[in-house]
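Read-outs: derived from the displayed coordinates by stated rules, not from any lab. Only a predicted model underlies this, so the values are computations on that prediction, with no experimental measurement involved. Cβ coordinates were reconstructed from backbone atoms using ideal geometry, including for glycine residues, and neighbour counts include every protein chain displayed.
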Amino acid sequence: MRIFRKKPLALLLAQSDENQPHNALVKTLGARDLAIFGIASIIGAGIFGTIGAAAYSGGPAIAVVFVLTAVVCTFSALCYAEMASSIPISGSAYTYSYILFGEIIAWIVGWDLLLEYAIGNIAVAISWSDYFTAFLHGLGIDIPGYLCTDYRSAKKLAGLVWNTAPQVGPLKIIVDLPALCIVFIITWLAYKGIKESRNSATVMVVVKLVVLLIVIAIGVFYVDPKNWSPFAPNGLSGMLKGISAVFFAYIGFDAISTTAEECKNPQRDIPKGILWSLVICTVLYVAIALILTGMTSYQNLNVGDPLALVFEKVGLPWLSGLVAFSAIIAMAGVLLVFQIGQPRIWMSMSKDGLLPKSFSKIHPKNHTPAFATVITGFVVALPLLFMNLTEVTDLCSIGTLFAFTLICGGILLLPKDGENLHPKRFKVLYINGKYLLPIIVLLIAVTAWKYYALAILRFFTEWENPADKIPTLLFLLVLVVMTSLTFIKNLSLIPVLGLLSCLYLMSELGALNWLRFFIWMGVGLAIYFLYSYKKSKIT
């Protein structure tokens, strides 16, 4: 079938900007630069915002959840590293899927990545606006409420913001102005060039790392070990309740792979950049989680600015202000990396004919995909007028996990002899999962039954809301299939664990988010069959 036509790697390389020196993306990034981009994208809204809600659900044990989530992300990171070094072309999971699965799957992944980068940036911009207005408030400057919230939220609350907002005719003037401004500033930086973006990301990373280290160094003296008991007050269910928020804190490392064409040595530098950024961020996350839950009771942390809160409680308002300033820098870094990543995916899709040619045009002076960068800015800015944080966070998480799942599955489909792949690529360590995976699954099943037998029985016997059970049942079906295939075909353990763990996290996001995800995919498929299918350059 034509919809499953695959793009040969040789054709991809021939079409890359490497063979077009006058329009080429500039090869200027090394492993350190990539690690900085990774840290810039990972440390943001998660450590400054969602960590509070996660700690409230899981208690001090949220530190363990950060480690477990890091392990899950490491599985995906290793797979991303092998893919990116094997196929050093911009486009991330989209490009890899075109080679491995075919055009229709590649389109689905490319459309899905819009959820991670563009929709995810909406969430970050909203959080940035909240911290920015709080920081200004600390300086005695207050922005009117109708200029720092979205229209729908203001209308739903129907409070002071809605009643005091000016209006033109029947229309209230309500807009999140700080969020819009930071999006346009970051888009301008991404438009100007990768060197300018790299230098800006470096400054942002240095600032927020210094501030976080100060937080850890000072906070450790205010830790009361009594706050760590009980360690897991809400048990395993409480820990798992916060796992989605914890995962959101790790989103971003995969954006590194979108810069493959701008790397000096992608086979060496991309794996190093991804893994270095993941390790550094995990260490910081665990330290911050322990400091937070040690300085105050986990019951006080269900707020949007937990780091600032704990220092106010111990009488250090100056440090609370410093944390707010660092959050502004941190989230700006996340915005920058995602605004760099999304246009390069669209550029790759345009080169294949799936999007109009204008998306792949390189600016003659800045050497960036100029049109795609500008469009990305508008795609992020316009929904800021009416979308709220919860909606975009959930969509971003499920879209990212879907991409991770496909990448892990893609590693299992790579040719064993490495045909058409870079000979010096990074390779995921092969561990035969024939017996190990069934043993791991059995141990988890026995442990779950021992401690949660009643909950398991209720899940399979009570069907008041059957739609809510569909994601979990789908995960269990895939678990059985993958365990059987691993035993029969001696599949590699690491990518299989990555695939299963990502799918499990997806199942925890609820049926409503799955429905929204499928609707989004349906819109994407309509565009594919109405335009992209006919315009594809692959015959």
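Observations
- With loop membership from DSSP and a limit of 12 other Cβ atoms within 10 Å, the longest segment of the chain without GluC sites (Glu not before Pro) is 1-418.
- Prolate/oblate/rounded label for the stretch 421-539 (Cα gyration tensor, a/c 1.5): oblate
- With Rh defined as the Kirkwood radius, the inverse of the mean 1/r over Cα pairs, the Rg/Rh of the chain is 0.96.
- Cross-link reach list, lysines versus LYS172, counting only Cα pairs under 19 Å and skipping chain neighbours closer than eight places: LYS155, LYS156
- The reciprocal of the average 1/r between distinct C-alpha atoms defines the Kirkwood hydrodynamic radius, which for the stretch 323-395 equals 13.8 Å.
- Looking at the stretch 422-518, the chymotrypsin sites (Phe, Trp or Tyr not before Pro) that sit in a DSSP loop and have at most 16 other Cβ atoms within 10 Å of their own Cβ are TYR430, TYR435, TRP463.
- Pairs exceeding a 26 Å alpha-carbon distance, out of LYS6/LYS361; LYS361/LYS535; LYS208/LYS272; LYS272/LYS361; LYS192/LYS537; LYS272/LYS489: LYS272/LYS361; LYS192/LYS537; LYS272/LYS489.
- Ordering ILE328, ILE141 by the number of other Cβ atoms within 10 Å of each residue's own Cβ, fewest first, gives ILE141, ILE328.
- Between PHE460 and LEU429, the simple spin-label model (points 7 angstrom out along Cα→Cβ) gives 3.5 nm.
- Neighbour-limited loop hits for trypsin sites (Lys or Arg not before Pro), the stretch 509-539 (at most 13 other Cβ within 10 Å; DSSP other than H, G, I, E, B): LYS537
- Take every pair of alpha-carbon atoms less than 8 Å apart whose residues are at least six positions apart; their mean separation over the length of the chain yields a relative contact order of 30 percent.
- Cα-derived Rg to Rh of the stretch 263-416, Kirkwood definition: 1.04
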